[in-house]
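Take a look at the structure below.
The values are calculated or read from the model by the stated rules, or taken from the named source; none is laboratory data. Model, not experiment: these values are computed from the prediction. Positions of Cβ are generated from backbone atoms using ideal geometry, with glycine treated the same way; all protein chains shown enter the neighbour counts.
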Amino acid sequence: MTSFEDKKVLVAEDSETMRMFILFNLMKMLPGVKITEAENGAVALEKLSKQEVDLILTDMNMPVLDGAGLIRGVRNALKRDTPIVVITTKGEEKDRERGLALGANGYITKPLNPHEFRETLMKYLWKGGSSGE
């Protein structure tokens, strides 16, 4: 089994229940991964200004600073090309296109499909490309 001890993921999600669900799945799917939590985009940007991560998972609808603001902050203010995957209830094509146009690399709708979630994680964290073991 592959270890992800050298990988860092930031999860920006205002719902504590959903954040815990994402964290549980990350720890299960990526043994050893280091996770940073943020309850909104502003907290996420503050944490990102002090540390590098390998992947950002963000909700779009959050108080204080939403996912769109977080994506803009990462791409414009911090000048980073860190992969960003949006995890949101907004599943319409126009919402997906908006997220990608803002600079997100991927887009997953809630409820999370474990297979799709794992494939997305592997795409951005495992340098081998596919998720074969």
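Considering only residues of segment 83-92 that are over 16 Å from Leu48 (Cα atoms) and crowded, with 18+ Cβ neighbours inside 10 Å, which is modelled with the lowest pLDDT?
This residue is Thr88.
Of all residues in segment 8-32, those being modelled with pLDDT of 95 or more and assigned to a loop (DSSP other than H, G, I, E, B) number 3.
Residues in segment 33-66 that are in a loop (DSSP other than H, G, I, E, B), acidic (Asp, Glu) and in contact with a Lys or Arg (Cβ under 8 Å, 6 or more places away or on another chain): how many?
Initially, segment 33-66 is screened for residues in a loop (DSSP other than H, G, I, E, B), giving 33, 39-40, 49-54, 59-66.
Those still in the list that are acidic (Asp, Glu) too: 39, 52, 54, 59, 66.
Imposing the further condition that a residue be in contact with a Lys or Arg (Cβ under 8 Å, 6 or more places away or on another chain) reduces the set to 39, 52, 54.
Number satisfying all stated conditions: 3.
Checked against (1) outside any helix (DSSP H, G or I); (2) over 25 Å from Asp6 (Cβ atoms); (3) among the small types (Gly, Ala, Ser); (4) in contact with a helix residue (DSSP H, G or I) (Cβ under 8 Å, 6 or more places away or on another chain), Gly69 passes all but condition (1).
On the given criteria, is Lys34 over 14 Å from Leu125 (Cβ atoms) and free of Cβ contacts under 8 Å to residues at least 60 places away in the same chain? Here the answer is no, as Lys34 does not meet what is asked. Look at (1) in contact with an Asp or Glu (Cβ under 7 Å, 6 or more places away or on another chain); (2) at negative phi and you find that Gly32 fails only one, number (2). Report whether or not Val85 is assigned to a helix (DSSP H, G or I), of a type in the set (A, V, I, L, M) and touching a Ser or Thr at 6+ places or on another chain (Cβ under 8 Å). When the stated conditions are applied, Val85 does not pass them.
The residues of segment 48-68 that are farther than 28 Å from Glu97 by Cβ and in contact (Cβ under 8 Å) with a residue 24 or more places away in the chain, listed by number, are Ser49, Gln51, Glu52. Might you check whether a residue that is charged (D, E, K, R), under 13 Å from the mean Cα position of the chain (by Cα) and closer than 22 Å to Ser15 by Cβ occurs anywhere in segment 40-63? Within segment 40-63 (the criterion being charged (D, E, K, R), under 13 Å from the mean Cα position of the chain (by Cα) and closer than 22 Å to Ser15 by Cβ), the answer is yes, since at least one residue qualifies. Does segment 93-113 contain at least one residue that is part of a helix (DSSP H, G or I) and within 15 Å of Val11 (Cα to Cα)? Checked segment 93-113: no residue is part of a helix (DSSP H, G or I) and within 15 Å of Val11 (Cα to Cα).
Taking the criterion of being of a type in the set (A, V, I, L, M), part of a helix (DSSP H, G or I) and surrounded by fewer than 20 Cβ atoms within 10 Å (Cβ to Cβ), the only residue of segment 72-82 that qualifies is Ala77.
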